[in-house]
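Structure first, then comments.
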């Protein structure tokens, strides 16, 4: 058994998942092979979204304490 994370994509009127070539070769999947999928949706990570959204933006020049207070206000609606 192999664990793979793949993004579901629109495929006509359906949604499909493309498996990486390395996994297909390792397991020996061929066209027409039956495969069993254990499906789970990933939960959104709030912190990753918050800090990931800062990638590629200019660095904030404020002191870290001020920045953390702003984050607390946004998270806790103070």
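The values are calculated or read from the model by the stated rules, or taken from the named source; none is laboratory data. Everything quoted here is computed from the prediction, not taken from an experiment. Every residue, glycine among them, receives a Cβ derived from its backbone with ideal geometry; neighbour counts consider all protein chains shown.
Restricting segment 18-35 to residues that are free of Cβ contacts under 8 Å to residues at least 12 places away in the same chain and part of a loop (DSSP other than H, G, I, E, B), the residue that is surrounded by the most Cβ atoms within 10 Å (Cβ to Cβ) is 29. For segment 66-78, indicate whether the set of residues that are outside any helix (DSSP H, G or I) and modelled with pLDDT under 80 is non-empty. Yes; the residues of segment 66-78 include at least one that is outside any helix (DSSP H, G or I) and modelled with pLDDT under 80. Within segment 13-25, not a single residue is at pLDDT 75 or above and touching a helix residue (DSSP H, G or I) at 6+ places or on another chain (Cβ under 7 Å).
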